[in-house]
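Enquirer: So that we are looking at the same thing, I have put the structure below in structure tokens.
The values are calculated or read from the model by the stated rules, or taken from the named source; none is laboratory data. Not measured: the values here are computed from a predicted model. Note: ideal-geometry Cβ built from the backbone for every residue, glycine included; neighbour counts use all protein chains shown.
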Amino acid sequence: MKHLVVGLGEILWDCLPEGKKLGGAPANFAFHAGMLGADTVAISAIGRDALGDEILRELDGKGLKYLLPRVEQETGTVQVTLDSEGIPSYEIKTDVAWDNIPFSTEIKHLAEKCSCVCFGSLAQRSEVSRNTIREFLHHTPKDCLRIFDINLRQQFYTKELIYDNLLACNVLKINDEELDIVAGLFGFPDLSVEDKCLRLLEQYHLDMLILTCGVNGSYVFTPNQKSFIETPKVEVADTVGAGDSFTGAFAASILAGRTIEEAHQLAVEVSAFICTQKGAMHVFRKIRN
């Protein structure tokens, strides 16, 4: 029986210099977990507009299952600009469909069967979606992997929001820049990178903490072990969705029974491949499964 894996939060169009690409961290996560054999569902909301219609056609074409209620707000878009190294910055439109994900009986039933859910801070900038995410987490089984991919964007987070989600998750996914922000907010900015991670792991009783550091490698910490892998050198097209592909591949691998080291290695390979592509959702048939 396949594990049910859910990406819960924003779905949107990334408007890149060469055109728009389907994105949103939770949807990206679900897509990549599905590439490694998980039964995945993207949960968000879309508008009653042409961009919403396009999202449905795109997801159908990619074979990604979804629960996307249509709401009165317009489908979300993000203006993405890339620097000389392909690193993106984002201008995220507010009061859009994914800010208004309604909780429903169907969402509750998915939560009750869920083996792994990935959620972030961005979709919790609005009360409606924040409450839906919290209700979903409340109805998940005790052994569900609840991955908080912190995903700090612009001004759309607070210390209180981060704290609440650290208590709600059992796996934290964070990058090096976000780690510095969190350490500053919570009063331990002067610790080493490793000690910052161990502090969060212990203080919030996490099962795992995943830290990505761009070209400087990545770590997976558990209470009893540490895995570090260097980042492969590849020709970067852009890094949009690279972190989401890492998390999706890692989660699917853990659910499939791989060790921390095996799951980490596969996540690094998938993420490196995504960096060679433009946009976030690409089939990686050349990656071992």
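Enquirer: Look through the range 181-190, keep the residues that are touching a residue at least 24 places away in the same chain (Cβ under 8 Å) and part of a helix (DSSP H, G or I), and return whichever of them is surrounded by the fewest Cβ atoms within 10 Å (Cβ to Cβ).
Expert: Within the range 181-190, the subset touching a residue at least 24 places away in the same chain (Cβ under 8 Å) is 181-182, 185-186.
Imposing the further condition that a residue be part of a helix (DSSP H, G or I) reduces the set to 181-182, 185.
Working: 181: 17, 182: 23, 185: 15.
Ranking the candidates gives 185 first.
Enquirer: Looking only at residues that are at pLDDT below 95 and not hydrophobic (A, V, I, L, M, F, W, C) in the range 136-156, which one is surrounded by the most Cβ atoms within 10 Å (Cβ to Cβ)?
Expert: Within the range 136-156, the match that is surrounded by the most Cβ atoms within 10 Å (Cβ to Cβ) is 151.
Enquirer: So, residue 132, is that one hydroxyl-bearing (Ser, Thr, Tyr), touching a Pro at 6+ places or on another chain (Cβ under 8 Å) and surrounded by 15 or more Cβ atoms within 10 Å (Cβ to Cβ) or not? Walk me through how you get there before you give the answer.
Expert: Working: hydroxyl-bearing (Ser, Thr, Tyr): yes; touching a Pro at 6+ places or on another chain (Cβ under 8 Å): yes; surrounded by 15 or more Cβ atoms within 10 Å (Cβ to Cβ): yes.
Criteria met by residue 132.
Enquirer: Here is a further query. Here are 273, 246: which of them is of a type in the set (Phe, Trp, Tyr), in contact with a helix residue (DSSP H, G or I) (Cβ under 9 Å, 6 or more places away or on another chain) and under 28 Å from residue 204 (Cα atoms)?
Expert: On the way: 273 fails: under 28 Å from residue 204 (Cα atoms).
Going through 273, 246 in turn, the sole match is 246.
Enquirer: Restricting to the range 232-255, name every residue that is surrounded by fewer than 17 Cβ atoms within 10 Å (Cβ to Cβ), without any contact (Cβ under 8 Å) to a residue 60 or more places away in the chain and not basic (Lys, Arg).
Expert: 232, 234, 235
Enquirer: Right, something else. Hey, residue 10 hits all of (1) surrounded by fewer than 23 Cβ atoms within 10 Å (Cβ to Cβ); (2) in contact with a Gly (Cβ under 8 Å, 6 or more places away or on another chain); (3) more than 15 Å from residue 245 (Cα to Cα) but one; which does it fall short on?
Expert: Here residue 10 clears every test but (1).
Enquirer: Just to be sure, is residue 19 in contact (Cβ under 8 Å) with a residue 24 or more places away in the chain, under 12 Å from residue 78 (Cα atoms) and among the small types (Gly, Ala, Ser)?
Expert: Values: in contact (Cβ under 8 Å) with a residue 24 or more places away in the chain: no; under 12 Å from residue 78 (Cα atoms): yes; among the small types (Gly, Ala, Ser): yes.
No: the conditions fail for residue 19.
Enquirer: Only one of these conditions is not met by residue 127: (1) farther than 25 Å from residue 208 by Cα; (2) surrounded by 15 or more Cβ atoms within 10 Å (Cβ to Cβ); (3) not aromatic (Phe, Trp, Tyr). Which number is it?
Expert: Condition not satisfied by residue 127: (2).
Enquirer: List every residue pair whose Cβ atoms sit under 7 Å apart, with the two residues 6 or more apart in sequence or on different chains, where the first one lies in the range 53-71 and is at pLDDT below 95 and the second, anywhere, is surrounded by 15 or more Cβ atoms within 10 Å (Cβ to Cβ) and assigned to a loop (DSSP other than H, G, I, E, B).
Expert: 62/281
Enquirer: Quick check on the range 70-89. Is at least one of its residues of a type in the set (Asp, Glu) and either touching a His at 6+ places or on another chain (Cβ under 7 Å) or on the phi > 0 side of the Ramachandran plot (or both)? Don't jump to the end; show me each part of the working.
Expert: We begin by selecting, within the range 70-89, every residue of a type in the set (Asp, Glu); these are 72, 74, 83, 85.
Adding the requirement that they be either touching a His at 6+ places or on another chain (Cβ under 7 Å) or on the phi > 0 side of the Ramachandran plot (or both) leaves none.
No, the range 70-89 contains no residue that is of a type in the set (Asp, Glu) and either touching a His at 6+ places or on another chain (Cβ under 7 Å) or on the phi > 0 side of the Ramachandran plot (or both).
Enquirer: Right, something else. I'm told residue 99 meets every condition in (1) in contact with a Ser or Thr (Cβ under 9 Å, 6 or more places away or on another chain); (2) more than 27 Å from residue 155 (Cα to Cα); (3) among the acidic types (Asp, Glu) except one. Can you identify the failing condition by its number?
Expert: Every listed condition holds for residue 99 apart from (2).
Enquirer: Mind checking whether some residue in the range 27-42 is over 19 Å from the mean Cα position of the chain (by Cα) and either surrounded by fewer than 17 Cβ atoms within 10 Å (Cβ to Cβ) or within 26 Å of residue 113 (Cα to Cα) (or both)? Don't jump to the end; show me each part of the working.
Expert: First, pick out the residues of the range 27-42 that are over 19 Å from the mean Cα position of the chain (by Cα): none.
No, every residue in the range 27-42 fails to be over 19 Å from the mean Cα position of the chain (by Cα) and either surrounded by fewer than 17 Cβ atoms within 10 Å (Cβ to Cβ) or within 26 Å of residue 113 (Cα to Cα) (or both).
Enquirer: To continue, here is another question. Consider residue 258 against the criteria (1) within 21 Å of residue 4 (Cα to Cα); (2) in contact with a strand residue (DSSP E or B) (Cβ under 6 Å, 6 or more places away or on another chain); (3) among the charged types (D, E, K, R): it satisfies all of them except one. Which criterion is unmet?
Expert: Result: residue 258 passes all but (2).
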